[in-house]
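Working notes, structure below.
The values are calculated or read from the model by the stated rules, or taken from the named source; none is laboratory data. Treat the numbers as computed from the prediction; the structure is a model and nothing was measured. Note: ideal-geometry Cβ built from the backbone for every residue, glycine included; neighbour counts use all protein chains shown.
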Amino acid sequence: METGVDEGIWSRARTRLTARSTWVGLCYLLLKFPVGIASFTLVVTTLTVSIGLLTAPLTYSLVEDGIQLGV
């Protein structure tokens, strides 16, 4: 394949779209997306619960009725 200046943008785009590596990379990213969402949710939930439980003694003294964990 010639990589000169004469090559147009459409032929370069067609070459990229027909390349197997492009589609393998896209499939990899699509499979990685749910894993990223799950790990982000797990990290945020863990940090939030940890911070809430660590600050519970401080908020317990500020609230008259105490803290209710659950129903």
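Quick notes on this one:
- Close contacts from the range 22-47, counting a first residue that is within 28 Å of R12 (Cα to Cα) and a second that is of a type in the set (K, R), with Cβ to Cβ under 9 Å and a gap of 6+ residues or different chains, come to T22/R16.
- Verdict on A19 being modelled with pLDDT under 95, of a type outside the set (S, T, Y) and surrounded by 10 or more Cβ atoms within 10 Å (Cβ to Cβ): yes
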